[in-house]
1. Suppose the filter is closer than 26 Å to W71 by Cβ, part of a helix (DSSP H, G or I), modelled with pLDDT of 95 or more and under 15 Å from the mean Cα position of the chain (by Cα); does Y157 pass it?
2. Surrounded by fewer than 14 Cβ atoms within 10 Å (Cβ to Cβ) and modelled with pLDDT under 90: which single residue out of A290, A338, A286, A312 fits that description?
3. With buried (at least 17 other Cβ atoms within 10 Å of the Cβ), farther than 30 Å from L325 by Cα, of a type in the set (K, R) and modelled with pLDDT of 95 or more as the only criterion, which of R89, R103 stands out?
4. Sort out which residues of the range 61-99 are in contact with a helix residue (DSSP H, G or I) (Cβ under 9 Å, 6 or more places away or on another chain) and in a strand (DSSP E or B), and write them in order of number.
5. Suppose we filter L152, L139 for residues that are crowded, with 23+ Cβ neighbours inside 10 Å and among the aliphatic types (A, V, I, L, M); which single one remains?
6. Residue check: is E24 more than 25 Å from the chain's Cα centre (by Cα), modelled with pLDDT of 95 or more and surrounded by fewer than 17 Cβ atoms within 10 Å (Cβ to Cβ)?
7. Within the range 197-230, take every residue that is of a type in the set (S, T, Y) and assigned to a loop (DSSP other than H, G, I, E, B) and give me the one that is nearest to P350 (Cα to Cα).
8. Within the range 170-185, is even one residue surrounded by fewer than 24 Cβ atoms within 10 Å (Cβ to Cβ) and in a loop (DSSP other than H, G, I, E, B)?
Amino acid sequence: MITQIQVRRSAFAETRTISVETPELADGEILVAIDRFAMTANNVSYALSGDMIGYWKFFPAEEPWGIVPVWGFADVVASRAPGIAVGERIWGFLPMASHVVMRPAAATERSFSDGAAHRADLPAIYNNYQRTSGDPPALTALEDERCLLFPLFSTSYVLYDYLVDNAFFGAQQVLVGSASSKTGLGLSNLLSRHADSRPRVVGLTSAGNVGFVTGLGTCDEVVAYDAIGAMDPNVPTAFVDMAGDGGVVAAIHARFGANLKLSCAVGATHWGAGRYRPEQPATPHAFFFAPAQFAKRDVDWGPGEIMRRAQAEATRMSTELKGTLEIRHEQGPDAVAAAWRGLVDNAIAPSVAVMASLGQN
């Protein structure tokens, strides 16, 4: 049997745990048992944009339910795919479940894609799986961090690259919204290390997280959300928003007006807050779609080079953070569902990271 945790698409805090029969494998398919996966605010963002970007389509469920994608490790427990052996361990985009059937395609020694028909039109970056048998020991030692931080830090890197690629849009400062989030702190880290002249890095966060963000040492200034109105409105500014809180975005737009050179939404760590929907903004608040920048750099730099650079930076930052995060391990459907609700309710501190397993392997 396959155990799945499904989320009601219109009310994310509502979940159900169901069991479905394990299907007979067809030629070319494998069955993997999902060992462990990360649960972060990023997964709540996947649910929030599930229809817009297609996250609900990766692992289909009967409406009104959906399966939230997660990043994790899985082991091949049955195979009818040439070249994919039972016992092989993979890392990539998985369902919140105990098992999943995949159809490996375009396999190399290091990776393969899931060639399932329903995934053909979905972003390729999410369809690629790493074969981990050849991983160096330093990477193997970061299994939890690889699940928790690599996807987020890869997004941090592509955001950083997007800013660099566009000469920071002429901004003299970059405001990082929800700077305590993993993607936010990764972006601040990368910006702070930029070799050439760079904009100031300003972290925006809640009053309770100011100390945490300041302690990271990667922001030139940390500003609480309720102090936005005291910021200098004359500084050309780029705003990268991880929070998705309409009130915060409106305050930034009102404060900086025409000096706001970029306003982009990346995630929704404050998913329950109202969205920002201005009638005629001086600067549009547009959604940033990371796979588009990955695709651009695949053309500019050659296939896979931006991912290589992103993964190298993710490894560096994960190593630096190793031991500073409290990693909480949740086992079993009830505990995993409770942790999901904690994420939805913003009840998990930024210094805490959740690794989960349904315990059905």
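1. Yes: the conditions hold for Y157.
2. Every option except A286 fails the conditions.
3. Numbers: R89 fails: farther than 30 Å from L325 by Cα.
Unique residue meeting the criteria: R103.
4. Those that are in contact with a helix residue (DSSP H, G or I) (Cβ under 9 Å, 6 or more places away or on another chain) and in a strand (DSSP E or B): G66, P69, V70, W71, G72, F73, R89, I90, W91, G92, F93.
5. Residue meeting the stated conditions: L152.
6. So E24 passes the test.
7. It comes out as S206.
8. Yes - at least one qualifying residue is present in the range 170-185.
The values are calculated or read from the model by the stated rules, or taken from the named source; none is laboratory data. None of these values were measured; they are calculated from a predicted model. Glycine also receives a Cβ, built like all others from the backbone with ideal geometry; neighbour counts cover every protein chain displayed.
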